[in-house]
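The values are calculated or read from the model by the stated rules, or taken from the named source; none is laboratory data. These figures come from a predicted structure and were not determined experimentally. As a convention, Cβ positions derive from the backbone with ideal geometry for all residues, glycine included, and neighbour counts pool all protein chains shown. Just the protein is used for accessible areas: all its heavy atoms, side chains included, with ligands, DNA and RNA removed. Shrake-Rupley method; radii C 1.70, N 1.55, O 1.52, S 1.80 Å.
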Amino acid sequence: MQTIVFRLEGLACPECARNTGMILERQKGVKKAVVTFATGKVKVEYDPAVITPGEIEQVIAKTGYRITGRG
Amino acid sequence: MFSFPSQRESAVPVAPVGGLFRLERLRELWVAYDKLMITLGSGLLILLGYLAGRLGWPAAANGLMVLATLLAGYRVAASAWQALRFRVVGINALVTLAALGATIIGEYWEAAVVTFLFSLGNYLEARTMDKTRAALRKLMELAPRVARVRREGTEVEVPAEEVETGELVLIRAGDKIPVDGRVVRGRAAVNQAAITGESLPVQKEPGDYVFSGTMNESGYLEVEAERTGEETTFARIMQLVEEAQEEKARIQRWLENFARYYTPGIMAVSVLTYLVTRDALLALTLLVIACPGALVIATPVSIVAATGNAARHGVLIKGGEHLEKAGRIRAVVLDKTGTLTRGRPLVKKVRVWRGSEKEMLLKAAAVEKLSGHPLAKPLVERAESLGEIPPAENFQVHPGCGVTGTVDGEIIRVGNRRLMQEASIPVPVDVENYLAGEESAGRTAVLVAIGEEIWGAVSIADEIRDEAKDLVARLKAAGVRRVVMLTGDNRRVARAVARELGMDEYQAEVLPEGKVEAIRRLKQEGLVVAMVGDGINDAPALAAADVGIAMGAAGTDVAMETADIVLMSDRLDKLPYAIGLSRQTLKNIQQNVTFAILVVAVLLLGVMGQKVVLASGMLIHEASVLLVILNAMRLMRYRNG
């Protein structure tokens, strides 16, 4: 298991944050995804053998939020 | 720094190919502003549609409205679909359904305006939230990136987190200090604002401790790294600030629970309304106002703004719940030593009735040297300046009374009256009068007996901090009703200090366990109690209080972990600031929540009374969310207690 943190831009409401987390958690290889609305950060625990950080980024991009950085 | 030359190289060949360059720029602009442009485009279409309607072209007007709905609604629908696939019915689904329904029943204008207002609101909310977050983020960017170390005889620049413990780090004027460690060589004025919130530079010299993230303003330092990377105080603070955002306030949990029932509840009402009244527009309007918007955002946004402000001032608040509690503080309990006073007791006066001062001090110091009592250190230091301290034997501590031991077979007793009484050593009237006088002046007089007779007394006092003098007034202004001082000193000393500081109450001769008891008593009176201490010796008391506040805690992990609020610097004036800010935040949250509930009520009544329809419902909804965020952002500017 590895952990990666992305910074998101454009999170308007706590619900959007929760949904993004849920969507990430239903991806294969993602064990846990916590989106903190207040800081706009997503912390993803994932299995690098199943999913790559790049693929996680793509899923996030699909939800409509822009990634402005990592960590 | 390093990317600069390569940037210039690539800029040269690209510039002449104007078309390609401009396209690239356009794409960048689109990525950055897509949401805004979509929203504005939809707004423009609505405007054109409205004009077409006024000109008497209904078909064109309706067409333009549908286009506007599609443009603004496409992404909303896409997100709704994505969420639905994961069985989440969210705001996006509600809005999509409302717009779709309105279009079907021919209310093109309503559909267009609802989607337009929703995207505009969303855009503005995201922007303001990003701005609030940026305040926190800016703080984290203070983290140092590079360090200059000496390796194998040469100076090299390495990433700050790669410095190893024990390595020598070289810090020049203008450099950010990249590690926590002790100064080995050099002198410098260091701005510690990143840690303590205090921007007045502090002089650092060999032996002093410096913190990562602070700035060497002038001078040169060589520092032996003790903690690096994630281990530094600065990194720990940032981590705690972030964790604080995840911890929810009680109001917040309650509101989120409420929202969980509110949304499906209103949806059910909407369906029911349609079945009963067959009024599709009314049912769709209910869908729009089923979004709990302002309610769920009311608390978190205030908390981000407040904790960000606090962190900038060197105050660490460990999360929403602590902030909420701190906003209700009614009684503040302060430990005198180290909090109200500087924590550096000094010998103020020596009085000798028998023998020589030097002999008495040296013998007393011989025994005191073995004791860890805070009053022992100044006495030993004074004696050391007079001569060599002889060795002592048979050392014994008498808790709450003093210490005893033997020097050259002679019994030495250093302590208070009780110690003397227990040993049946008479305390003459003039000694008693002297003690009383010293104590009334706020000094603790320690008696020294050699053999079976009292030789003299050493008066020790701890200097009161400058900021302590108007502390009580400032705390009262911040809404605190009672300020209580606890001290291990005897009653007379305590009274003198308490009177000087204008304390409401004081408790003297308090043993460490007594602090917890004192806090419990205040809590029983129904007061929300804050305990202020150094966080090391009074950890149980900090835990017993409703809000534990540790002061001067930079670098002490225990204090940073146990306290609810941490004042990084040892400046007492941060205390009224922290309490005032918490109170203001609580008020802000209450304003937001009251407003949000009012808006929901007004919307529901308005819809039922047919005064609010789709578009106006959305307008009120989005405007209320924005107002809540803007109200919370006021906390970012809060300054004093």
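Filter region B:83-116 down to residues that are within 14 Å of chain A (Cβ to nearest Cβ) and outside any helix (DSSP H, G or I) and give me whichever is surrounded by the most Cβ atoms within 10 Å (Cβ to Cβ). Among residues in region B:83-116 that are within 14 Å of chain A (Cβ to nearest Cβ) and outside any helix (DSSP H, G or I), the one surrounded by the most Cβ atoms within 10 Å (Cβ to Cβ) is B:GLY90.
A count restricted to region A:39-71 and to residues that are open to solvent by less than 20 Å² (accessible area, probe 1.4 Å) and within 13 Å of chain B (Cβ to nearest Cβ) stands at 6.
Is one or more of the residues making up region B:337-355 at pLDDT below 85 and among the charged types (D, E, K, R)? Taking every residue of region B:337-355 in turn, at least one turns out to be at pLDDT below 85 and among the charged types (D, E, K, R). Each residue in region B:25-59 was checked for being in a helix (DSSP H, G or I) and either over 45 Å from the mean Cα position of the chain (by Cα) or among the β-branched types (Val, Ile, Thr) (or both), and 15 pass.
Quickly run through region B:552-583 and pick out the residues that are more than 14 Å from the chain's Cα centre (by Cα) and under 16 Å from B:ASN640 (Cβ atoms). Across region B:552-583, the qualifying residues are B:ARG571, B:LEU572, B:ASP573. When the residues of region B:518-541 are filtered to those that are open to solvent by 70 Å² or more (accessible area, probe 1.4 Å) and modelled with pLDDT under 90, the one that is farthest from B:ILE464 (Cα to Cα) is B:PRO540.
Suppose we filter region B:143-168 for residues that are open to solvent by less than 40 Å² (accessible area, probe 1.4 Å), more than 14 Å from every other protein chain (Cβ to nearest Cβ) and either touching a Pro at 6+ places or on another chain (Cβ under 6 Å) or closer than 29 Å to B:ILE317 by Cα (or both); how many remain? Adding up the residues that qualify gives 2.
Within the option set B:GLU513, B:GLU509, being surrounded by fewer than 19 Cβ atoms within 10 Å (Cβ to Cβ) and either of a type in the set (Gly, Ala, Ser) or in a helix (DSSP H, G or I) (or both) holds for one residue only, B:GLU513. Just one of the listed residues (B:GLN239, B:GLN203) is surrounded by fewer than 23 Cβ atoms within 10 Å (Cβ to Cβ), without any contact (Cβ under 8 Å) to a residue 12 or more places away in the chain and of a type outside the set (A, V, I, L, M, F, W, C), and it is B:GLN239. Scanning region A:20-38 turns up one or more residues that are without any contact (Cβ under 8 Å) to a residue 24 or more places away in the chain, within 9 Å of chain B (Cβ to nearest Cβ) and in a loop (DSSP other than H, G, I, E, B).
Return the pairs, sorted by first residue and then second, in which the second residue is assigned to a strand (DSSP E or B) and open to solvent by 70 Å² or more (accessible area, probe 1.4 Å), the first residue lies in region B:390-419 and is under 17 Å from B:MET360 (Cβ atoms) and in contact (Cβ under 8 Å) with a residue 40 or more places away in the chain, the beta carbons are less than 8 Å apart, and the residues are 6+ apart or on different chains. Pairs found: B:VAL407/B:GLU393. Check B:LEU605, B:LEU626, B:LEU581 and return the single one that is closer than 15 Å to B:PRO300 by Cα, out of contact with any Pro (no Cβ under 9 Å at 6 or more places or on another chain) and either part of a loop (DSSP other than H, G, I, E, B) or hydrophobic (A, V, I, L, M, F, W, C) (or both). Testing whether each residue is closer than 15 Å to B:PRO300 by Cα, out of contact with any Pro (no Cβ under 9 Å at 6 or more places or on another chain) and either part of a loop (DSSP other than H, G, I, E, B) or hydrophobic (A, V, I, L, M, F, W, C) (or both) leaves just B:LEU626.
Scan region B:319-341 for residues that are in contact with a Lys or Arg (Cβ under 6 Å, 6 or more places away or on another chain) and either closer than 26 Å to B:GLN507 by Cβ or part of a loop (DSSP other than H, G, I, E, B) (or both) and jot them down. Hits for region B:319-341 are B:GLY327, B:ARG330, B:ALA331.
Residues that are at pLDDT below 90 and of a type in the set (Gly, Ala, Ser): does region B:628-641 have at least one? So far as region B:628-641 goes, yes, one or more of its residues are at pLDDT below 90 and of a type in the set (Gly, Ala, Ser).
Being away from chain A (no Cβ under 14 Å) and in contact with a Gly (Cβ under 6 Å, 6 or more places away or on another chain): is that true of B:ALA188 here? The answer is yes for B:ALA188.
Entry remark, region B:117-142: residues being assigned to a helix (DSSP H, G or I) and either among the β-branched types (Val, Ile, Thr) or more than 14 Å from chain A (Cβ to nearest Cβ) (or both) number 2 in total.
Which residues, taken from region B:480-506, are under 30 Å from the mean Cα position of the chain (by Cα), among the basic types (Lys, Arg) and not in a loop (DSSP other than H, G, I, E, B)? Across region B:480-506, the qualifying residue is only B:ARG482.
Scanning region A:39-71 for residues that are over 26 Å from B:VAL296 (Cα atoms) and in a loop (DSSP other than H, G, I, E, B) turns up A:ASP47, A:PRO48, A:ALA49, A:VAL50, A:ILE51, A:THR52, A:GLY71. Scanning region B:224-282 for residues that are more than 14 Å from B:PRO292 (Cβ to Cβ), among the small types (Gly, Ala, Ser), within 14 Å of chain A (Cβ to nearest Cβ) and part of a helix (DSSP H, G or I) yields B:GLY229, B:ALA235, B:ALA244.
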